[in-house]
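Visitor: After the structure tokens below, expect a handful of questions from me.
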Amino acid sequence: MDPEMKQDFDQEQRAEFARQFRRHHRFQIFILVGGILLYMIHGVVVLSAGIWDESWGYGLIPLFGGALMFWSSALKYNRCPACDHFFRRGPPTRTRKFCSACGSQLID
Ligand SMILES: [Zn+2]
């Protein structure tokens with residue numbers, strides 16, 4: 001806890017934070033699920049075509065691409081707007097409204 005960084009956000013700001021966190025969280029899940037899905041689809045297609053030995057590596061592109069985009073988005077946006085604390089366990093939720101580092105209430 002760093003009470004010096006604590007900020008009192010009004011209701012409008014908290015609503016905006018909630019919108020932003022939701023938006024980025026949706027994007028992160030979408031990109032992660034999309035990458036895994038593409039990897040699996042590629043695997044099935046390549047296996048059924050019998051070209052696994054020469055083509056399995058291409059399946060890693062969406063997998064690692066998705067993971068990379070997931071992490072860059074999480075590192076950039078899953079942060080406290082008051083103290084820049086990185087939320088390791090994901091953005092604030094209804095049961096976790098306060099920043100664990102500075103104690104600011106971020107969403108309603
Ligand atoms: Zn904070």
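The values are calculated or read from the model by the stated rules, or taken from the named source; none is laboratory data. Here the structure is a predicted model, which is why all the values come from computation and not from measurement. For neighbour counting, all protein chains shown are included, and Cβ atoms are generated from backbone atoms with ideal geometry for every residue, glycine included. Surface accessibility is based on the protein's heavy atoms, side chains included, excluding ligands, DNA and RNA. Shrake-Rupley method; radii C 1.70, N 1.55, O 1.52, S 1.80 Å.
Visitor: Take residue 46 and decide whether it is part of a helix (DSSP H, G or I), in contact with a Ser or Thr (Cβ under 7 Å, 6 or more places away or on another chain) and at pLDDT 95 or above. I'd like the intermediate steps shown before the answer.
Guide: On the way: part of a helix (DSSP H, G or I): yes; in contact with a Ser or Thr (Cβ under 7 Å, 6 or more places away or on another chain): yes; at pLDDT 95 or above: yes.
Spelling it out, residue 46 is indeed part of a helix (DSSP H, G or I), in contact with a Ser or Thr (Cβ under 7 Å, 6 or more places away or on another chain) and at pLDDT 95 or above.
Visitor: Is the range 54-67 home to any residue that is open to solvent by less than 60 Å² (accessible area, probe 1.4 Å), of a type outside the set (Ser, Thr, Tyr), free of Cβ contacts under 8 Å to residues at least 60 places away in the same chain and touching a His at 6+ places or on another chain (Cβ under 6 Å)? Don't jump to the end; show me each part of the working.
Guide: Restricting attention to the range 54-67, the residues satisfying the condition of being open to solvent by less than 60 Å² (accessible area, probe 1.4 Å) are 55, 57, 59-60, 62-63, 65-67.
Filter once more, so that each one left must be of a type outside the set (Ser, Thr, Tyr): 57, 59-60, 62-63, 65-67.
From what is left, the residues that are free of Cβ contacts under 8 Å to residues at least 60 places away in the same chain are 57, 59-60, 62-63, 65-67.
Filter once more, so that each one left must be touching a His at 6+ places or on another chain (Cβ under 6 Å): 59.
There is at least one residue in the range 54-67 that is open to solvent by less than 60 Å² (accessible area, probe 1.4 Å), of a type outside the set (Ser, Thr, Tyr), free of Cβ contacts under 8 Å to residues at least 60 places away in the same chain and touching a His at 6+ places or on another chain (Cβ under 6 Å).
Visitor: Go through the range 57-81 and give me each residue that's touching a Leu at 6+ places or on another chain (Cβ under 8 Å) and either within 12 Å of the ligand (Cβ to nearest atom) or β-branched (Val, Ile, Thr) (or both). Working first, answer last.
Guide: Going residue by residue through the range 57-81, those that are touching a Leu at 6+ places or on another chain (Cβ under 8 Å) are 59, 62-63, 66-67, 70, 80-81.
Answer for the range 57-81, where residues must be touching a Leu at 6+ places or on another chain (Cβ under 8 Å) and either within 12 Å of the ligand (Cβ to nearest atom) or β-branched (Val, Ile, Thr) (or both): 80, 81.
Visitor: Of the residues that make up the range 65-79, is at least one within 19 Å of the chain's Cα centre (by Cα), within 28 Å of residue 6 (Cβ to Cβ) and not in a helix (DSSP H, G or I)?
Guide: yes
Visitor: Looking at the range 1-52, which of its residues are surrounded by fewer than 12 Cβ atoms within 10 Å (Cβ to Cβ), within 16 Å of the ligand (Cβ to nearest atom) and among the acidic types (Asp, Glu)?
Guide: Of everything in the range 1-52, those that are surrounded by fewer than 12 Cβ atoms within 10 Å (Cβ to Cβ), within 16 Å of the ligand (Cβ to nearest atom) and among the acidic types (Asp, Glu) turn out to be 4, 8.
Visitor: Show the residue pairs meeting these rules: Cβ distance below 6 Å; 6+ apart or different chains; first residue within the range 88-108 and of a type in the set (Asp, Glu); second residue open to solvent by less than 60 Å² (accessible area, probe 1.4 Å).
Guide: Every condition considered, the pairs that remain are 108/14.
Visitor: Ok, one more. Against the condition farther than 21 Å from residue 100 by Cα and of a type in the set (Asp, Glu), how does residue 53 come out, does it pass?
Guide: Here the answer is yes, as residue 53 does meet what is asked.
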